[in-house]
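Scroll down for the structure; my scribbles are underneath it.
The values are calculated or read from the model by the stated rules, or taken from the named source; none is laboratory data. All values derive from a computational prediction rather than experimental measurement. We place every Cβ from the backbone using ideal geometry, glycine too, and count neighbours over all the protein chains shown. Just the protein is used for accessible areas: all its heavy atoms, side chains included, with ligands, DNA and RNA removed. Shrake-Rupley method; radii C 1.70, N 1.55, O 1.52, S 1.80 Å.
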Amino acid sequence: MLSKCSGNLFKVLFVKKNELLIYEELSNPNLLEVIRIHEQINHKRALNELVNSRDIHIKTISYKEAINRVSSFIGIKDSDRLSLDAMGRIRNKVTHFGIYREIDFHEIIGTINNTIEFIIENLFPTFMSDRTEYLNLDELITKIKETLELARYQEHSYWSGYFGEEFKDLNELIDEVKNDNEFQVFLEQNRMEMFIERDFHIDSSAFNIFIFDDDEDKSLEFYTVNYPSLNITLMKDNQDRVCAYIDHYYNLLNEDDKAIYECSRLTEISSGNFDFFGSKKQFKKKKYNSNTLKSILKKSILES
């Protein structure tokens, strides 16, 4: 299981830093005895080898505690912490309760993808100096990244299917704005036209909105960026500025209080560096309707 793999990698990392970090209770008499022997033989054998060679039980740290400890010296982003915690919960669910494919699968595959990505970006660099002729980490990482790209595609497919009704509502909202008389007058006054690019499905999870002026020498583009692990869709412009986001999970559970979260000021945030938790305070909750979406588009057009 991936949670066990990441937990073991954490422990290998601890051993490289300080072997005692893998043990839960440092005052355990058995551990203190092994430490004494370890000192007597001048560290000629690894501490964990001595522990394993003796008929004693010395408890190592839990998966959750391993995450706490590793975060103290490599740093773990909030989003990564959520994924690692979720990996532990999925392990427990599989062990004790089982999983229901239709409900759990998009969450599980997303958590697995995020955990693999965390391992590649944060743990593998630590082990690059341990290369041997028998292990080509560069080749391994390349193959994992290729597989991860396919897995991300599957994750998005299952996720967008799970929230299909929410995306159907969003597409209808966009069509309402496009056909709104007031918005059409606004575009005409600014000598602009609006075009929508998306696939043919009524629950399309990705779309582009293009705004052209009459001479087509100036254009604006608004497009969506989906974050399945956060259950949100960002709306951005072609200057990479975030205009708004939609929390699909919240809207799914709160049919009578559905919302769009508008960015208080257009902020340039590249997709690779998007920190949702750090940026969340920049957004204001607005009603989920065509008036809100019109307001967001107008503001972006006027400020461009």
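Does F186 count as over 18 Å from K284 (Cα atoms), over 24 Å from the mean Cα position of the chain (by Cα) and of a type in the set (F, W, Y)?
Values: over 18 Å from K284 (Cα atoms): yes; over 24 Å from the mean Cα position of the chain (by Cα): yes; of a type in the set (F, W, Y): yes.
Criteria met by F186.
State yes or no: is M192 more than 28 Å from Q282 (Cα to Cα) and touching a residue at least 60 places away in the same chain (Cβ under 8 Å)? First the steps, then the outcome.
On the way: more than 28 Å from Q282 (Cα to Cα): yes; touching a residue at least 60 places away in the same chain (Cβ under 8 Å): yes.
For M192, the condition - more than 28 Å from Q282 (Cα to Cα) and touching a residue at least 60 places away in the same chain (Cβ under 8 Å) - is met.
Inside the range 45-73, can you point out the residues that are surrounded by 13 or more Cβ atoms within 10 Å (Cβ to Cβ) and of a type in the set (S, T, Y)?
Selection gives T60, Y63, S71.
A quick yes/no check of all residues on (1) under 19 Å from K16 (Cα atoms); (2) hydroxyl-bearing (S, T, Y); (3) under 23 Å from the mean Cα position of the chain (by Cα); (4) modelled with pLDDT of 85 or more:
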position: I61; (1), (2), (3), (4): yes, no, no, yes
position: I103; (1), (2), (3), (4): no, no, yes, no
position: E107; (1), (2), (3), (4): no, no, yes, no
position: F127; (1), (2), (3), (4): yes, no, no, no
position: T132; (1), (2), (3), (4): yes, yes, no, no
position: L135; (1), (2), (3), (4): yes, no, no, no
position: I141; (1), (2), (3), (4): no, no, yes, no
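Take the residues of the range 68-96 that are over 17 Å from the mean Cα position of the chain (by Cα) and within 23 Å of H106 (Cβ to Cβ): which is modelled with the lowest pLDDT?
H96
Picking from N42, N30, which residue would you name as being farther than 22 Å from F10 by Cα, out of contact with any Cys (no Cβ under 6 Å at 6 or more places or on another chain) and surrounded by fewer than 13 Cβ atoms within 10 Å (Cβ to Cβ)? So that I can check it myself, show each step before the final result.
Working: N30 fails: surrounded by fewer than 13 Cβ atoms within 10 Å (Cβ to Cβ).
Of the residues listed, the single one that is farther than 22 Å from F10 by Cα, out of contact with any Cys (no Cβ under 6 Å at 6 or more places or on another chain) and surrounded by fewer than 13 Cβ atoms within 10 Å (Cβ to Cβ) is N42.
Out of all the residues in the range 143-184, which are under 20 Å from L297 (Cα atoms) and polar (S, T, N, Q)?
Residues satisfying the conditions are N171, N179, N181, Q184.
How many residues are closer than 21 Å to V225 by Cβ, part of a helix (DSSP H, G or I) and of a type in the set (F, W, Y) when one looks only at the range 164-211?
1
What residue, among those in the range 251-265 that are in a helix (DSSP H, G or I) and in contact (Cβ under 8 Å) with a residue 12 or more places away in the chain, is least open to solvent (accessible area, probe 1.4 Å)? So that I can check it myself, show each step before the final result.
Of all residues in the range 251-265, those in a helix (DSSP H, G or I) come to 251-253, 255-257.
Checking which are in contact (Cβ under 8 Å) with a residue 12 or more places away in the chain leaves us with 251-252.
Values: N251: 1, L252: 68 Å².
Going through the qualifying residues, I end up with N251.
State which residue pairs qualify: first residue at negative phi and inside the range 11-26, second residue of a type in the set (F, W, Y) and open to solvent by less than 50 Å² (accessible area, probe 1.4 Å) in any location, beta carbons under 7 Å apart, and separation of 6 or more residues or different chains.
Pairs that qualify, where the first residue is at negative phi and the partner is of a type in the set (F, W, Y) and open to solvent by less than 50 Å² (accessible area, probe 1.4 Å), are L21/F14; I22/F14.
Restricting attention to the range 152-198, report how many residues are of a type outside the set (D, E, K, R) and crowded, with 16+ Cβ neighbours inside 10 Å.
Of the residues in the range 152-198, the ones of a type outside the set (D, E, K, R) are 153-154, 156-164, 167, 170-171, 173-174, 177, 179, 181, 183-187, 189-190, 192, 194-196.
Among the residues that remain, those that are also crowded, with 16+ Cβ neighbours inside 10 Å are: 156, 158-160, 162-163, 167, 170-171, 173-174, 177, 183, 186-187, 192, 194.
Adding up the residues that qualify gives 17.
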